[in-house]
Amino acid sequence: MVQSKISYFPLVCAVASLFATTSARAEQFEETTLPEVTVRAKSANTGSELLLGGSQEIFTTNTDSLHQDLNAVRSVSLGQSIEKSAGVQNNSFGPSNGLPQIRSLTGPRVQITENGLGVSGLAAVSGNLPTAIEPFLADKIHVYKSSAAVLFGGNAIGGAVNVQTNLIPHTLPDRDITGKAEISGGYNTPHNQLFGLTGRAGNVAWHLNGLNSRISGYRVPKDSKVAACYDREELRDGKNSVLVHACQVEVKTEEFFDKRGWKWVNPNYLKDGDKFLKEWEVTLGDVYSNSVRKPGWMVDNPEYVSGVEGKGSRFIGIQDITPTQSGKMTNSHFQRQNASAGAGYISDNGSYAGIGVSRFLTRYGVPGYASLATWTNYKNRLEPVNIKSDQTRFALESMYKVEDSALDNIKTQMAYTKAVNEEYLGDTFANSLNSRQWQGRLEANYRWSQALRVSIGLDLMNRRIDGKGEDRYLPNNRTRKYAIFALQNFSWKSLGLNLGLRHEKVKNSVNFNGYIAGQGQAEIEKRFSKRNSDFSLNNGFTEIKWKPNSIVNLSARYSQSQRAPEVNELYASNRHFAILVDEHGSPHLRPETAKTVELGGEFRWQDTGLSANYYRTAFKDYLYLGATGISNAGLQRKEWRQGDTRVHGFEVELNQTFDLSQYGSLDARLFADWVKNSPIEKRRDADPKNTGDWEKYIRWYYDGDYMPNMPTSRYGLGLSWNKGAWKVGSSITRYTKQKYLSGSPSRREIRLKGYNLWDAYVSYTHQLKKHSTLEWFLDGRNLSNADARPNNSTLKYLTPLPARSVRTGVRMTF
């Protein structure tokens, strides 16, 4: 910020002198000295994130469009909070946990950051673990739908989501203390209490906030499990083992032998009955026959009835392994507590330095879910899965602003995060997956002119993952990353050019001491003889923009991004009941490479806006969890493999604002998105001697034509009405039936029904004082009470989305 001291004395003298010379009756001027006024000018943000380009969307507070208003879309998880963005869906692991899924990619391919640094959450490794991000305390959520690997590394190969908070203040607030508080609750929704305080003392700004959220359990519209879980034909009398285990059911059958189904019988058996069987140590199958009639040995069966089946397996029924209750989502309790504090020194020219700390405590159950295979104790095998997670994060951040130089600022960030994630079967400890992570970033941002901006930076990360417990599926390991990156933005008249490059080194090491692999020590010595994995990654993009006039804005983008295998893809080697598989990695995996072409266009004329994006990505060595056709203790054994894969799709959005004069304004939104993710080459047969062709054939044979858990196509309508203190909005989104199902022909995914989600939001704001407001709001979700089962959810067969919910509360600012 630039400090300007302005004296009003010369101005007053000049005006008085002018009047004195033009009026003969001017009164004598009395000199008066007014106090000096300090004006702090905020400089424009020139951080590296502004140069990334690509398709983006920002969610913030107090916008007219409710689908981008954080107050209207906030939910328990980050994935739920931004799922109304075109091309973005919620990768749900129950109502209390969900990751953003961007253009069908999620987990280790979508980086989640807080204020620009990774949150180090292990949900990317195991989807049932939480991400320590609280959407209710976010000031802004920035969604990068294009590859963001140049800025955030290979784990952003499919995009990134940056949650911005005021943990470390960057500017001085206008008043000595400001704040907000909210309390809310209702039907089928968590009860929330939160607060936030921001203040200043001289050049020091501070921030403090906290949240408590709790619900005992969720309700569902009908039965918790999908109807296919009780369909004899779908389960094929238990032969469809994949669906049987995914549904957590047991198919009851019994073997039968019907004497009426046999043409001939041994005459000695007719005479002596069971005495004959015992004496000769034979069974009924030995004395009855339909194929062979030996003279003297077989005679006509007097009980024979044509058409009656002689023996086989008789279906009795289907039984839940763990009890369920209609209308209720079992084991869906949730509780989270969060507190954070930070302070920063802000100089007069806009430079700052600060520190912050945050603490998350999370407890919840994985709904409708039980471990079928555990090493803890056989009696625990049907207990529900519960999660306990604690995280503490320390952050340091500074920005030194250089005056009168092409170097605009130098920015540094550091964070240390310690997380403890524990899985329980009921109240019995099963395993833990804990992490300690250091990370840092240094960047220099240049602005040579309005036409040319450049950012150069360094990234460092050191993470250790350890665990304990008898159900561990991952040994202790360490990951180190080092990267240098550069981004450039150049504009000239109607043209713009964005460029970005990044070189990154990733080093992984593993320690098997005290770890028991699923196949014992032999698997460790043979499969994991390679203990260290080093990868060298290169990422880059080029984007051209053309804006010939104020109406049209066109863009074309090409990116080449690489991602190193994640630690579970390298070293997993045991039953992983969170994803219902016996998971096995390979230290011989290669980095995956994505080459993406993206075309975009925006058309804005007066109150009408139309945007569309088409993208096409070719993955070389795409990492996927492939079936083997083998089961272990009721869980399907899967191995991390690689194969070339194509992802392509589009997003389109139309926005129209209607000025209703004295009746306020109305914003209308239409959107649609579509994505398909499939192997590039699908081989129906191959020679086993040809390794490459045989791998492609095995992928098709076991995993089918498409990738599993792919998001369905959507289209929707949203309306937002604003007038004075009132905000009213509603949206309805159609999730279509999935056409592209994964799996082999005999074990294909179930084609789940399409559904509509209808949401609504109403708020009224009272102006209490000049700086104080009191807002009442009403937030309704799934108002039509649809039985909604997202195809991209791991738990789609076990539980749907929650039933109709209504949350009401008050929000105060001061």
Reachable aspartates and glutamates from Lys769, criterion Cα separation under 19 angstrom, eight or more residues apart if same chain: Asp174, Asp176, Glu182
Once label points are set 7 Å from the Cα along Cα→Cβ at both Leu599 and Glu250, what is their separation, rounded to one decimal in nm? 5.8
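Is there a quick way to get the dipole size of the range 499-594? I mean about its Cα centre, with the Cβ of Lys and Arg at +1 and of Asp and Glu at -1; what is the value in debye to the nearest 20?
The dipole magnitude comes to about 380 debye.
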About the Cα centre, and with charges only on the beta carbon of Lys, Arg (+1) and Asp, Glu (-1), how big is the dipole of the range 227-320? Nearest 20 debye, please. 400
Lys/Arg Cβ at +1, Asp/Glu Cβ at -1, dipole of the chain taken about the Cα centre: which of Ile102, Leu284, Val88 is farthest positive-ward? Leu284
Computed from the beta carbon distance with a Förster radius of 22 Å, FRET efficiency for Ile484 and Ala556 to the nearest 0.05 stands at 0.25
Here the gain from full extension of Asp404 to Trp448, 0.36 nm per residue of separation minus their alpha-carbon distance, amounts to 14.8 nm
Within the chain, what percent of beta bridges assigned by DSSP are antiparallel, to the nearest 5? 95
When only C-alpha pairs under 8 Å and at least 6 residues apart count, what is the relative contact order of the chain, in percent? 11
Taking the chain as the reference, fit the longest principal axis to its C-alpha atoms, fit the long axis of helix 9-22 to the helix C-alpha atoms, and give the angle between the two in degrees, 0 to 90, nearest 10. 50
Straight-line reach check, Lys418, cutoff 21 Å on alpha carbons, 8 or more apart in-chain or any other chain, hits among lysines -> Lys388, Lys468, Lys481, Lys507
Applying the gyration tensor rule to the Cα atoms of the range 614-671 (axes a ≥ b ≥ c; rounded if a/c under 1.5, else prolate if a/b exceeds b/c, else oblate), the class is oblate
Ranking of Cys229, Cys247 by count of other Cβ atoms within 10 Å, fewest first: Cys229, Cys247
Would you list which lysines come within 17 Å of Lys770, measuring only between C-alpha atoms, while excluding same-chain residues fewer than 8 positions from it? Lys180
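From Cα pairs below 8 angstrom and at least 6 apart in sequence, can you work out the relative contact order of the range 227-320, rounded to a whole percent?
43
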Sequence of Phe650, Phe490, Phe256 once ranked by neighbouring C-beta atoms within 10 Å, starting from the fewest: Phe256, Phe490, Phe650
When you count, for each residue, the other Cβ atoms within 10 Å and take the mean per peptide, how do 262-273, 791-802 rank with the highest first? 791-802, 262-273
Sort out for me the Cα centre separation of the range 482-536 from the range 213-228, rounded to whole Å. 39
Counted neighbours (other Cβ, 10 Å), sorted fewest up, put Ile698, Ile387, Ile321 in the order Ile321, Ile698, Ile387
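Where a number appears in this text, it was derived from the coordinates with a stated rule and is not lab data. As the structure is a computational prediction, the values presented were derived from the model and not from experiment. Heads up, the Cβs are rebuilt from the backbone with ideal geometry, glycines too, and the neighbour counts pull from every protein chain shown.
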